[in-house]
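Note sheet for the following structure.
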Amino acid sequence: MATDAPVRRWRRNPSQLTGAVILGLLLVVALVAPLLLSGSAETLTDNARLGPGAEHLLGTDAFGRDVLARALVATRLTLLMAAAATAASFVAGVAIGALVHLAPGWLRETCLRLIDSAVAFPSLVLALVIAAVLGPGMGSAIVAIAVAGVPGFARLTANLAATVADKDYVLTARLLGVPGLRILGRHVLPNISGPLLVLLSSSFTLSLLDISSLSFVGLGVQNPQYDWGRLLNEALPSIFAQPSVVLAPSIMLIVTGVGAMLLGDGVASLVDPRTRGTAPAPAKTADAAGPAVPAQDGAASAPQASGGAGAAAGTEPDGLLTVAGLTVRAGDRTIVDDVSFTIGAGQIVGLVGESGSGKSTIAMAVAGLLPEGVRANASRLALGDLDLLGTPPERRLATEIGIVYQDPIGTFNPALRLGTQLTEVARTHLRTPRRRAAQDMVRALADIHVTEPDRRLRQHPHELSGGMLQRASIASAMTTKPRLLIADEPTTALDVTVQAEVLRQFRRINREHGTAMLFISHDIGVVGVLCDTVLVLHGGRVVDRTTGDDLRRGTVTHPYTRALLAATPAAVEAGGTLSAVRWTADAHAAQPNGAPSDDLFHKAADRPPAAEGSR
């Protein structure tokens, strides 16, 4: 049964169960002991300094009060003080560490350096200084421990948030116009909750010890109140004559700390959907994309090229997407240099080239998702009448541009169910009611051959295969019927049979909806089959413009494009040596009429292009 799943998860984690039992018992003691044992714990009697016995299990102190009763009654105040200090440092530290990423670059770096400097001071030393300044007392002890614990939470939160901020689902949220605070609360903090909960449990243990230390040296709880640290302070003069008086508060400190640590580790795994474990599925969750199709053209099998609208190799003055003179710089370094092209309605333009040639940077510049510190300039960058260089309306940007990323797993927030994420654009920007948005997404998933679409919306991303996640990403990108779909190496992380299905879906979307596409890939065989126009990039520049037909036939003339073809493994060759590309733009310009140099193809001069050999 579904209700049995949490019980099974607790049983599978004995440390978590042990920690919960220990802290549960301590909470019972904290609630009950002051009601039942206050008399024996606080009443002065003539039975001073009695040893352990039947009436007083751990003896009595110098005023005849029961030592064990005092330790049990002190549990409530000690736990409340430790919990208050930990909660305050947790809230303040997490807020500072998360909000620092919304600040401008110079302010963020300044805050991060200040946080690092604060962490360098031992928390107990810092707490002693603050408590000494504020004066002895319970309130000052809580404030001192809370302030001393803030830097640790702030640094961990800032470091973890930095690793999540570059994930595809965060970039997509930015594209959708989600406010920064909502991104932090919805996408960043839930995905770093595990380490924060572990730190929270260890911080509670440290706060417990630090507060007891302040009380022990006289800066914490004052008479007539008492906590475990105060009890240890009172027992210090008689520790050698009557060692049993320190036994109870010492054991309580150790047991509470161990229980908090055990429970913290377990809760961290319990709140993470990726480690919860899932109930048995009523049907298999493997991809159901139809029968496997053998690979062709040196890549995954793909639909036949249509020659589609706008298959010319040059630019079109009336294109849907116009990119003219695009230059992208990071500081003094030029990443993309004077790139120009257009994409007409219904046209698929491919970008190919080596890693680092600027393909993804061009796509992110078009979508307005360049990282901080990277800036784009162009004489024109527009999607129809939408100026992409200025500050376009968030609604239009989110609904007219769809993005499919390379890694289907990184595209989705692992802490949220798929239904919430797939319907977010429709609910936020199209004002579609939640139920109708879910129904529309079920139909979209069914159209793209995702099995059991109703159940998929209730699952977390880790419960689906890579192929299903990529098809779900395509369905989500097409929810608003965008005019431009950017596919940034969407088949790289998939096996060949799943690649074939994904490519078929791209061709179907292009054919049925007339969607313009910017397709990025390292696989020149796939680009040749799918794309109408192909731009070949090297060092951030467009060095060749060709067509998919020319790539498939191997009739390209540019030496660098020919070198890329020659460097592609041929599916039918029994052996041979792959060529090493030694082409540079400067070397090409130095050759007469742009002829390839003698060593361009290294040892493969007599080898036909891979596209020809594999056809």
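The values are calculated or read from the model by the stated rules, or taken from the named source; none is laboratory data. Remember, predicted model here, so these are calculated numbers, not experimental data. Cβ atoms come from the backbone with ideal geometry, glycine included; neighbour counts cover every protein chain shown. Ligands, DNA and RNA are stripped out before the accessible areas are found, and what is left, the full protein with its side chains, is counted by its heavy atoms. Shrake-Rupley method; radii C 1.70, N 1.55, O 1.52, S 1.80 Å.
Kindly indicate whether any position in region 497-513 is within 24 Å of L326 (Cα to Cα) and touching a helix residue (DSSP H, G or I) at 6+ places or on another chain (Cβ under 8 Å).
No, there is no match, as no residue in region 497-513 is within 24 Å of L326 (Cα to Cα) and touching a helix residue (DSSP H, G or I) at 6+ places or on another chain (Cβ under 8 Å).
Report whether or not V170 is among the β-branched types (V, I, T), open to solvent by less than 30 Å² (accessible area, probe 1.4 Å), modelled with pLDDT under 85 and not in a helix (DSSP H, G or I).
no
State whether the residues of region 115-133 include one that is part of a helix (DSSP H, G or I), within 19 Å of A415 (Cβ to Cβ), free of Cβ contacts under 8 Å to residues at least 40 places away in the same chain and more than 12 Å from the chain's Cα centre (by Cα).
no
So for region 379-402 (the condition being among the polar types (S, T, N, Q) and in a strand (DSSP E or B)), does at least one residue qualify?
no
Within region 567-587, does at least one residue satisfy the condition of being open to solvent by 20 Å² or more (accessible area, probe 1.4 Å), acidic (D, E), part of a helix (DSSP H, G or I) and at pLDDT 85 or above?
no
Residue by residue through region 204-250, note down the ones that are open to solvent by 40 Å² or more (accessible area, probe 1.4 Å), over 14 Å from A71 (Cβ atoms) and not polar (S, T, N, Q).
Correct list: L206, L209, F216, V217, P224, L236, P237, I239, F240, A241, P243.
Of the numbered conditions (1) surrounded by 20 or more Cβ atoms within 10 Å (Cβ to Cβ); (2) farther than 23 Å from S117 by Cα, G180 satisfies every one except a single condition; which is it?
Only one criterion in (1) surrounded by 20 or more Cβ atoms within 10 Å (Cβ to Cβ); (2) farther than 23 Å from S117 by Cα is unmet by G180, namely (1).
Failed condition for L27, given (1) in contact (Cβ under 8 Å) with a residue 40 or more places away in the chain; (2) touching a Phe, Trp or Tyr at 6+ places or on another chain (Cβ under 6 Å); (3) not hydroxyl-bearing (S, T, Y), with all others met?
(2)
Looking at region 41-89, which of its residues are open to solvent by less than 20 Å² (accessible area, probe 1.4 Å) and of a type in the set (K, R)?
Matches in region 41-89: R70 only.
From the residues in region 341-376 that are within 27 Å of T547 (Cα to Cα) and open to solvent by 70 Å² or more (accessible area, probe 1.4 Å), which one is farthest from the chain's Cα centre (by Cα)?
Applying the filter and picking the extreme gives A345.
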